[in-house]
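Here the structure comes first, spelled out in structure tokens, and everything after it is commentary.
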Amino acid sequence: MSTEQTKNHRYVHALNELDDVNISRIRPLIPPQILMEDLPLTESAAAAILKGRQEAEAIIRGDDDRLLVIVGPCSIHNPAAALEYADNLREYAETAAEDLCIIMR
């Protein structure tokens with residue numbers, strides 16, 4: 001093996017040692033159609049989604065002068081904590097609705 005090949009081999013090996021070091025297990029996701037059948041969207045949830053989309057569109061078009069704020073979390077590992085966060089965010093969003101349109105992603 002040439003010196004260049006040896007360096008490349010070491011580099012690839014080092015990257016493999018770093019790959020997925022924090023993953024403890026992998027669980028396959030269920031297909032979206034099955035999820036939608038198991039957890040159908042409620043009318044109130046659909047209305048909230050539609051309202052948020054319409055408000056965001058109005059802001060982007062310039063018809064609404066509020067600031068559009070889209071916030072995380074990026075991922076949810078603790079559903080109970082995420083629901084608590086969503087409740088707190090909703091309460092704040094209601095108090096700031098005159099100036100901000102806050103949407104949780």
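None of the figures in this text is laboratory data; all of them are computed from the coordinates on show. Just so it is clear, the model here is predicted, and its values are computed rather than measured. Note: ideal-geometry Cβ built from the backbone for every residue, glycine included; neighbour counts use all protein chains shown.
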query = Taking the Cα centre of the range 56-105 as the origin and placing charges on Cβ (Lys, Arg +1; Asp, Glu -1), which of A93, A81, I103 is farthest toward the positive end of the dipole?
reply = A81
task = For the range 46-51, take each phi angle, set θ = phi - 60°, evaluate the Karplus expression 6.51 cos²θ - 1.76 cosθ + 1.60, and give the result in whole Hz per residue in order, putting x for glycine and proline.
result = 4, 5, 5, 5, 4, 4
message = Can you tell me the orientation of helix 3-18 relative to the chain, as the angle in degrees between its alpha-carbon axis and the longest Cα principal axis, to the nearest 10?
response = 40 degrees
request  = Express in nm, to one decimal, how much length is gained between E57 and D19 on full extension, taking 0.36 nm for each residue of separation and deducting their alpha carbon distance.
outcome  = 9.7 nm
ask   = Remind me, relative contact order of the chain in percent, using alpha carbon pairs under 8 angstrom and six or more residues apart?
value = 25 percent
request  = Collect residues whose amide H, placed 1.01 Å from N in the peptide plane, falls under 5 Å from the amide H of I103; neighbours closer than 5 in sequence don't count.
outcome  = V69, I70, V71
remark   = Taking Cα atoms only, helix 79-95 is inclined relative to the longest principal axis of the chain by an angle, in degrees rounded to 10, of 40 degrees
